[in-house]
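A.B. asks: Provided herewith is a single structure, encoded as structure tokens, for subsequent inquiry.
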């Protein structure tokens, strides 16, 4: 219960620090017989990995994931899957100067008080480097969901500082360094980030993730609702400070007559709910949005204390992302895929004999739309 | 794993439907030796219970909680605590007309597809009536946290439709029917609700919860962060569609130099983080905000389908809250108390020998403020 | 994690003390659509309940179980099932004299040290009274397993003190007060127990449980093996001190050529393994045996200490079973049914798409035997 | 919930197959600040590793464990600990001939039916090779328990086929290839094993494990009793078919007046209970005994079927232990240490404020004995 696991039936447990020899994890509960496309898994890791553009940290990691078990001749066996990613570009000397300091806005102070000891190099266990393992595990889940149900789990950058995407063109998302779905905003993003780097500061972001083709019925009453588990998973990503499902905070000013999505034989008339009713998937798109704070690792001097409680001034060196929200897109996709995979298994375990004659109206609507 | 439990070491499991003979639950993991103030527990139930004002459902329930075990001569024994609340005012006839219909915006459709069978009376298991048990369990957690650490967990209505509280005066919260901390807004709330009832519609709300005096160090890396578990708990409350910690979505447009809370020997200079850094409590106030959707149970006719998939028009009868957000205040407090209690035990289990000489700067700041 | 739950996907959580107002529990994860035979459930409770013969405690309890939720019009809904059994014949005055004493061989001393407080009346939470709830939950599992797979879970008294059953005639088990499958031993049992009661002493017993028609494939590598979870469940029954699967301790002197059960197209040639290979059911009968200690509640004076650590002499009064092993038969059946039900769901969740052309040779053998 | 984890608060999850590139695991929940003696951990692995005597398999593995995380400058940090052991001597060609066969007495048949696919090389996931990771994790637990409480967890071979140890001399256990505590039996063991190897057969064994200095109070009512979790852990070891606590099956013929251990101010007068009362440690020695079946991997031809269900004759080649019970001694110690460590944390989490004035009579007895 020390917290390094997520999921009940499709369960990921991770280990590893930013500057240790390796990070890794175990996926327990993957169904047998899944033909794994290792290139696709590596592709997701490459989307997340550092050093790919000038807007992300210049740390260079190959982030090659090794499958140590649970896969035999390219197919999952149902046994636990051991994942290993070696750390190849850790530069510990960058961090020795902050050994006895607490970087403001970081977990240094809280880890120190919690554990009494910490691997201070690069944030140790609190580093976002750990999320590479999530991406690998999420890619396994994505493949299962895609092959079995045609589910797509896709994310994009919805806003970065003041720059908001106004169009959602999925074909654009992978065409730029920002995962931005609006081609008209690339220049503004580029310009904003250039200025930001000059100033030495960082900025927050909003990331959206959408899952399509999710069948009706996934999610458990009353605590482990699908939306509750999604909120947990997203908030477990470093820097995330807020999560919305469907219309999110906009519901505060809505009235029931507007908010409730009417049912018709041809589908729902709207999707204010974001694909979840009573904690259970409705068959509509699962729509999730989240806010990521600006990283506190900036070159602007900050006020802090040291481990003796004395005041110090501190400048974060090392290589950091000016906007951690950008690389969070594949991580958020991975987390949503893990939650969906887990809930599919949980739903199926208890309810596999259920047969209803009522049509799945969201599926009907999708078919008509095609 | 069917989802009716929350917490790992302080664990609540609930049962019961809106119109069954009773609802109840089991609290497992409560430390022994806690002297329970049963009146205070009942008081929290009374704050949540229906029929207390004209702005909540007119269903009348005494909501008297019985302690069936785990308490001996007024003191907890460490054994599992059985809780029982009888349903005294269920009127099943109100619901027979919707037996074969799906109310839009409700869990009817998703429960039907998930389970193939449902207790349609009053929403059955998906009814918010279940939350009464949460309030009872949360009240136990509150008492432990208060007695041991001086922790206060308090909530209020921050916004209802267009009406926002602009002052936070804790002494006002229990003085009105809205849990509103701003005495200047009571009239506007009153007037808005009167009009709303006339129109037969409902409205959303924003509820905030704050925990003070939480020690530094609670929360587990990397998945079971304190904020991730809070998000899960809040999103498990009926109608909640969004959760924020600290500045929440405002961080999207913030820069790191603004967002990061500086550390000084006299305390943090701000609390943008909302009391959580790296998933672990910092000692500052835990600040949580959430959005509750307008209930879909309104007297305005709506479009839907029946269990055969045919179109129907539907008017929700029965007794309903025009704004479910109001009564959510004690529920949100209860959920935060349960999460904190669970994380205290989890933290303590692993780290009980940790001793650090670094001062708890948030505690220092609190002492200076008094 | 305070330990009052068993099972992962079919999960029972219990509460209640021997002399509180009621005992009860929650079954979470029962599939929807199960038509419950409430009489059969009550019948299992009656088999366990005290006061049914002169060889069990003379405490009289009706042990009527109430279903408070999760069942609608006689059918399970998939929601959590609340179970309640009222205590009607608790006589607390019987126990006030042992308030400050530790009965030897009981949990008094260990509960006192663990919790610092205890409900001393009748053993409180450590009383075997709690097992009535297990029997109710197990009866639900039994019905599912029987209806879906034709699984029978049946137990019997294999030995009581020196008296061993030498025949296994299932038709006899319910025909006597001992659950003894050997009609030739009833007289010996009767005579032994009469003498025992006169002496004021108690005696141990061996109980066997067998599950037939269990499909091949249930059980999880590597820790949650079916046999490991059975061992856990049986050892969680009050007074159980040992558990065997298949040949059990006899394997110590066996050689591999004898022990291994050969496979033929017509079935296994033997069942030394007890129906489990590598922690997974083989399709053969699951054979479990367990030892129950003689109760320490006897009228022969014993040496002990009081809560101040001073020596005392102590005679247990109250109403007790001279052989707790007898009434353990329905409890052991219930526990095996719960474990099987849980493992069916766990197996099914992950492996529901598995199709193999290799025949189930144990099923073939059973069909041929009929 | 696929079963590759054990423990709640001190939690081990493992991965790896006999003939994959590596095996490994993650220990989650180890308290921070533990100074690890890596040599002692490696020593336990060496005690278990194959190829050390002529009575164990001749497969040669260095079994060097690498700590990939959670340890910083020789001290645990509280973060999850990644463990890796590379497989260096897997000879897959030895196994290709059994690709389509089911070895009798093995998990081949059950894995095939459960998962539809299996890594047939050396038993894949069902191989006892996986237990090396348990030994590494158990060694961490042992060190914590020893440093904090002076707990010793020690095992020995109590019986091998017909040869029983009659003396328990702890100093002898590590002096011979059998972990035998009776120096007078070494010759008989040697001679028996020589003959056994000639015959190509295998034999069962009894292994005992004892934990001393365990404080009173560990173990949870009512399902997660200390003895129930010990039974689970031991039965999860490959080949174990039976587990006893204290007097075990001997209680069947005992009477209560004999079995119950009297309490005196100077200690218990006996330890029939094996150190557990009501599922909670009493302070006395925890005494556990288990039976391990003879391995089915023998060179004597056996009858079986292939994956098409056709009869085949089969001789197991490869390198195998004629008595797997011997090498099980360090594994059983590891499992007991893991269970104790987990229960210490669980007990401590809930009951850390408990203070009782009643003396710990088992501790008094131990002090007097010294």
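The values are calculated or read from the model by the stated rules, or taken from the named source; none is laboratory data. Bear in mind that the values here come from a model prediction, so they are computed numbers and not experimental data. Note that each Cβ is placed from the backbone with ideal geometry, even for glycine, and that neighbours are counted across all protein chains shown.
A.B. asks: Going through the range C:247-268 one residue at a time, which ones are at negative phi and more than 7 Å from chain D (Cβ to nearest Cβ)?
C.D. replies: The answer is C:250, C:258, C:266, C:268.
A.B. asks: How many of the residues making up the range A:190-200 are within 14 Å of chain B (Cβ to nearest Cβ), surrounded by fewer than 21 Cβ atoms within 10 Å (Cβ to Cβ) and within 20 Å of residue A:328 (Cβ to Cβ)?
C.D. replies: Number satisfying all stated conditions: 2.
A.B. asks: State yes or no: is residue D:274 within 7 Å of another protein chain (Cβ to nearest Cβ), assigned to a loop (DSSP other than H, G, I, E, B) and either at positive phi or crowded, with 24+ Cβ neighbours inside 10 Å (or both)?
C.D. replies: Considered against the rule, which asks whether it is within 7 Å of another protein chain (Cβ to nearest Cβ), assigned to a loop (DSSP other than H, G, I, E, B) and either at positive phi or crowded, with 24+ Cβ neighbours inside 10 Å (or both), residue D:274 comes out as no.
A.B. asks: Residue D:206 is checked against (1) part of a helix (DSSP H, G or I); (2) at the interface with chain C (Cβ under 7 Å from one of its Cβ atoms); (3) touching a strand residue (DSSP E or B) at 6+ places or on another chain (Cβ under 8 Å) and fails just one. What number does that condition carry?
C.D. replies: With (1) part of a helix (DSSP H, G or I); (2) at the interface with chain C (Cβ under 7 Å from one of its Cβ atoms); (3) touching a strand residue (DSSP E or B) at 6+ places or on another chain (Cβ under 8 Å) applied to residue D:206, the lone miss is (1).
A.B. asks: Additional query: Please go through the range B:327-370 and give me each residue that is under 18 Å from residue A:310 (Cα atoms) and in contact with a strand residue (DSSP E or B) (Cβ under 9 Å, 6 or more places away or on another chain), ordered by number.
C.D. replies: Those that are under 18 Å from residue A:310 (Cα atoms) and in contact with a strand residue (DSSP E or B) (Cβ under 9 Å, 6 or more places away or on another chain): B:358, B:359, B:361, B:362, B:363, B:364, B:365, B:368.
A.B. asks: Okay, next question. Quick check on the range B:109-129: of everything there that is within 19 Å of residue B:294 (Cα to Cα) and modelled with pLDDT under 95, which residue is nearest to the other protein chains (Cβ to nearest Cβ)?
C.D. replies: If we take residues in the range B:109-129 being within 19 Å of residue B:294 (Cα to Cα) and modelled with pLDDT under 95, then B:126 is nearest to the other protein chains (Cβ to nearest Cβ).
A.B. asks: Sort through D:190, D:224, D:247 and tell me the only one that's modelled with pLDDT of 95 or more and out of contact with any helix residue (DSSP H, G or I) (no Cβ under 9 Å at 6 or more places or on another chain).
C.D. replies: Checking each option against the conditions leaves just D:190.
A.B. asks: Then there is this: List the number of the failed condition for residue A:311; all other conditions in (1) touching a strand residue (DSSP E or B) at 6+ places or on another chain (Cβ under 8 Å); (2) facing chain B (nearest Cβ under 10 Å); (3) in contact (Cβ under 8 Å) with a residue 24 or more places away in the chain hold.
C.D. replies: (3)
A.B. asks: Restricting the search to the range B:247-266, which residues are buried (at least 24 other Cβ atoms within 10 Å of the Cβ) and assigned to a strand (DSSP E or B)?
C.D. replies: B:263
A.B. asks: Tally up the residues in the range A:1-23 that are farther than 16 Å from residue A:137 by Cβ and either touching a strand residue (DSSP E or B) at 6+ places or on another chain (Cβ under 6 Å) or not in a loop (DSSP other than H, G, I, E, B) (or both), please.
C.D. replies: Count: 1.
A.B. asks: Given (1) part of a helix (DSSP H, G or I); (2) in contact (Cβ under 8 Å) with a residue 12 or more places away in the chain, identify the lone condition not met by residue A:348.
C.D. replies: It fails just one condition, (2).
A.B. asks: Then there is this: Which condition number does residue A:244 fail, the rest of (1) more than 7 Å from every other protein chain (Cβ to nearest Cβ); (2) surrounded by 23 or more Cβ atoms within 10 Å (Cβ to Cβ) being met?
C.D. replies: Failed condition: (1).
A.B. asks: Restricting to the range A:314-366, name every residue that is over 29 Å from residue C:32 (Cα atoms), out of contact with any helix residue (DSSP H, G or I) (no Cβ under 6 Å at 6 or more places or on another chain) and within 11 Å of another protein chain (Cβ to nearest Cβ).
C.D. replies: Answer for the range A:314-366, where residues must be over 29 Å from residue C:32 (Cα atoms), out of contact with any helix residue (DSSP H, G or I) (no Cβ under 6 Å at 6 or more places or on another chain) and within 11 Å of another protein chain (Cβ to nearest Cβ): A:314, A:316, A:320, A:321, A:323, A:324, A:325.
A.B. asks: Just for the range B:1-10: of the residues that are facing another protein chain (nearest Cβ under 7 Å) and in contact with a helix residue (DSSP H, G or I) (Cβ under 9 Å, 6 or more places away or on another chain), which one is farthest from residue C:70 (Cα to Cα)?
C.D. replies: Looking at residues that are facing another protein chain (nearest Cβ under 7 Å) and in contact with a helix residue (DSSP H, G or I) (Cβ under 9 Å, 6 or more places away or on another chain), I get B:9.
A.B. asks: All but one of (1) buried (at least 24 other Cβ atoms within 10 Å of the Cβ); (2) touching a residue at least 60 places away in the same chain (Cβ under 8 Å); (3) at the interface with chain D (Cβ under 8 Å from one of its Cβ atoms) hold for residue C:221; which doesn't?
C.D. replies: (2)
A.B. asks: I'd like the residue in the range D:150-189 that is buried (at least 16 other Cβ atoms within 10 Å of the Cβ) and in a helix (DSSP H, G or I) and, out of all such residues, is nearest to the chain's Cα centre (by Cα).
C.D. replies: D:173
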